[in-house]
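J.: Here it is, the structure in full.
The values are calculated or read from the model by the stated rules, or taken from the named source; none is laboratory data. For clarity, every value in this text was computed on a predicted model and none was experimentally measured. Cβ sites come from the backbone with ideal geometry, for glycine too, and all protein chains shown count toward neighbours. These accessible areas exclude ligands, DNA and RNA; they are computed on the full protein's heavy atoms, side chains included. Shrake-Rupley method; radii C 1.70, N 1.55, O 1.52, S 1.80 Å.
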Amino acid sequence: MLDYSHNFHIVKPTLGVFLLGDTTLSQLKDEISNFEYEKYIKNLRYSEEASRSDLAVYEAPNPFIQNWVKTKYSEKIAHLFEMNTGVKPEVNIILSTEKKSVPKKVMLNEYKQQKSTILNPSYTFDAFVVGSSNQLAYEVSQTVCAKQGLAFNPLLLYGGTGLGKTHLLNAIGNHAITKQKSVIYITSEQFLNDWQFHIRNQTMDRFREKYRACDYLLIDDVQFFGGKERIQEEFFHTFNELHSKNRQIILTSDKPPKKIAGLEERLKSRFEWGLVADIQPPELETKIAIIKKKCEFDGIYLDREIIDYIATNMDNNIREIEGIIIKLNAFANLMNQDITLEFAKNILKEQIKEKKESITIDDIISVVSKELNIKPSEIKSKSRSTQIANARRIVIYLARNLTPNSMPALAHYFGMKDHSSVSKAMKKVQELLNGSADFKIVVDELKNKISSKE
Ligand code: ADP
Ligand code: MG
């Protein structure tokens with residue numbers, strides 16, 4: 001049984017930063033009426049444990065005071081903090097978890113959960129769609145939940161923007177707090193800010209106490225540490241201390257540790273001690289499943305053909321896809337009309353037009369030749385071998401659909417007689433698409449890969 005009693009007890013500090021929470025409130029006295037102060041502000045309690053240099057958390061005794069303070073005073077409180085520290089924090093008013101009569105153990109759990117205010121509660125394992133692109137990352141994330149500190153330590157997840165790293169990191173945190181573990185979720189940038197703040201206030205002992213006592217330390221986007229030597233030094237010691245106590249460390253990055261420029265060798269090697277798992281861009285099927293899940297979650301209905309359209313035409317950044325779904329729904333509500341394919345095409349027009357302008361025939365040739373295992377030079381040649389001629393037709397079809405090139409421009413590019421040859425090739429591909437579901441899948445997947453080029 002782990003002993004959390006040292007964690008539970010909140011020492012009322014006497015120095016610097018830890019008085020700031022209360023000091024700031026007393027400064028408010030000068031700005032508001034005595035009545036307001038007595039009725040609302042006096043009832044707040046600064047939560048030192050949940051706060052960071054860029055996040056000030058106060059507990060309110062009931063929802064009424066919570067909402068009132070949130071809407072009326074949080075901006076003022078943030079401003080006063082800024083005057084005191086030079087950093088304007090986000091101010092969060094949460095409901096007090098203290099209930100005088102509950103036994104200590106329950107209070108401990110509640111207290112620990114309160115720390116999780118920074119985790120996003122909707123990023124859970126259940127809400128995560130698994131496909132071959134992210135299966136490894138998903139499974140190892142679950143493993144570290146089951147075998148805290150003993151399976152892979154650290155676990156480092158890496159991959160491109162919007163592919164679900166932060167989601168999985170939060171899913172681990174959300175799961176851990178249900179097991180009464182203490183969790184710190186923080187971006188590497190916030191970690192740096194917090195560290196600088198504690199240095200300025202000469203409270204490094206508090207900083208170390210906080211980060212070295214948790215069960216799970218989740219640090220998002222560690223590539224940000226690159227080139228920042230002093231924070232790497234500090235993190236190196238935090239890492240060693242937690243690791244030696246089998247506390248679980250989970251990191252995310254937009255690239256593998258080896259490729260993080262300006263990251264010290266000793267950190268690179270530590271980041272690879274446990275397991276490094278990548279998240280790849282989703283295949284079309286996974287993308288479709290994610291869109292369906294998001295629609296379900298937001299209570300939005302989209303026809304299958306619209307979902308397909310979004311999946312094949314938008315790139316792989318799921319955050320952007322979510323944005324489009326919300327935009328579609330908002331416009332449909334505003335205009336009081338159903339979401340039809342035409343409507344969706346119209347809304348997505350700008351985004352897709354921008355993309356069209358950035359796709360070139362060479363991009364298409366490069367994807368098609370790679371996927372169909374044919375050399376680019378063969379596609380551009382006049383070879384009549386069936387396989388090559390087919391690949392060439394597909395390239396022409398995709399180029400006409402995904403780039404702004406006209407038929408005569410394509411004829412010129414491929415050294416064809418005139419636009420009628422291009423038209424013939426397009427017709428042939430269309431016939432195949434109408435006749436074969438398998439062929440359609442191949443072409444859709446090619447479109448997906450081309451649309452999501454970086
Ligand atoms: P990253 O941190 O890799 O940039 P995020 O984790 O912030 O990406 O993901 C961006 C958005 O896409 C989030 O809203 C997340 O919920 C969603 N998302 C990404 N991958 C998936 C997935 N496999 N299933 C469900 N939602 C996903
Ligand atoms: Mg992220």
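J.: With the dipole of the chain worked out from charges on the C-beta (+1 for Lys and Arg, -1 for Asp and Glu) around the Cα centre, which of Ile219, Val129, Ile324 lies farthest toward the positive end?
T.: Val129
J.: Could you list, in their original order, any pairs among Lys76/Lys293; Lys255/Lys287; Lys258/Lys380; Lys42/Lys165; Lys292/Lys380 whose Cα atoms are separated by more than 32 Å?
T.: In this structure, Lys76/Lys293; Lys258/Lys380; Lys42/Lys165; Lys292/Lys380 exceed 32 Å between Cα atoms.
J.: A further question on this structure: Putting +1 on Lys and Arg Cβ atoms and -1 on Asp and Glu Cβ atoms, find which of Ala151, Ser369, Gly162 reaches farthest to the positive end of the dipole of the chain.
T.: Comparing the listed Cα positions along the dipole, Ser369 ranks first.
J.: Accessible area per residue for region 123-188 in Å², computed with a 1.4 Å probe and the full protein assembly in place, what is it?
T.: For region 123-188, the per-residue accessible area is 35 Å².
J.: Kirkwood Rh over alpha-carbon pairs of the chain, then Stokes-Einstein at 10 °C and 1.306 mPa s: what D in µm² s⁻¹, rounded to an integer?
T.: Value of D from the Cα-based Kirkwood radius: 62 µm²/s.
J.: Taking H placed 1.01 Å from N in the peptide plane, check which residues at least 5 places from Tyr46 or on another chain put their amide H under 5 Å from its amide H.
T.: Here the answer is Glu59, since their amide H atoms fall under 5 Å of that of Tyr46.
J.: May I ask you to compute the full-extension gain from Glu233 to Asn62, defined as 0.36 nm times their residue separation minus their alpha-carbon distance, rounded to one decimal in nm?
T.: This chain segment gains 57.3 nm when fully extended.
J.: Quick one: accessible area per residue over region 386-453, 1.4 Å probe, rounded to a whole number of Å²?
T.: On a per-residue basis, 52 Å².
J.: Setting aside same-chain residues fewer than 8 positions from Lys355, which aspartates and glutamates have a Cα under 16 Å from its Cα?
T.: Asp315, Glu320, Asp363, Glu454
J.: If you put +1 on each Lys and Arg Cβ and -1 on each Asp and Glu Cβ, how big is the dipole of region 284-357 around its Cα centre, in Debye rounded to 20?
T.: With Lys and Arg at +1 and Asp and Glu at -1, about 100 debye.
J.: Same structure again: Work out how much length Ala437 to Gln351 would gain on full extension: take 0.36 nm times their residue separation and subtract the Cα-Cα distance, in nm to one decimal.
T.: 28.2 nm is the gain from fully extending Ala437 to Gln351.
J.: Just name one of Phe35, Ile250, Met204: the one whose Cα is farthest towards the positive end of the charge dipole of the chain (beta-carbon charges, Lys/Arg +1, Asp/Glu -1).
T.: Ile250
J.: Using a/c under 1.5 as the rounded threshold, could you call region 361-451 rounded, prolate or oblate? The axes a ≥ b ≥ c are square roots of the C-alpha gyration tensor eigenvalues, and prolate needs a/b larger than b/c, oblate otherwise.
T.: Judged from the Cα gyration tensor, region 361-451 comes out rounded (a/c under 1.5).
J.: Here is a further query. Mind putting a number on the dipole of the chain about its Cα centre? Charges go on the C-beta only, +1 for Lys and Arg and -1 for Asp and Glu, and I need it in Debye to the nearest 20.
T.: Dipole about the Cα centre, nearest 20: 760 debye.
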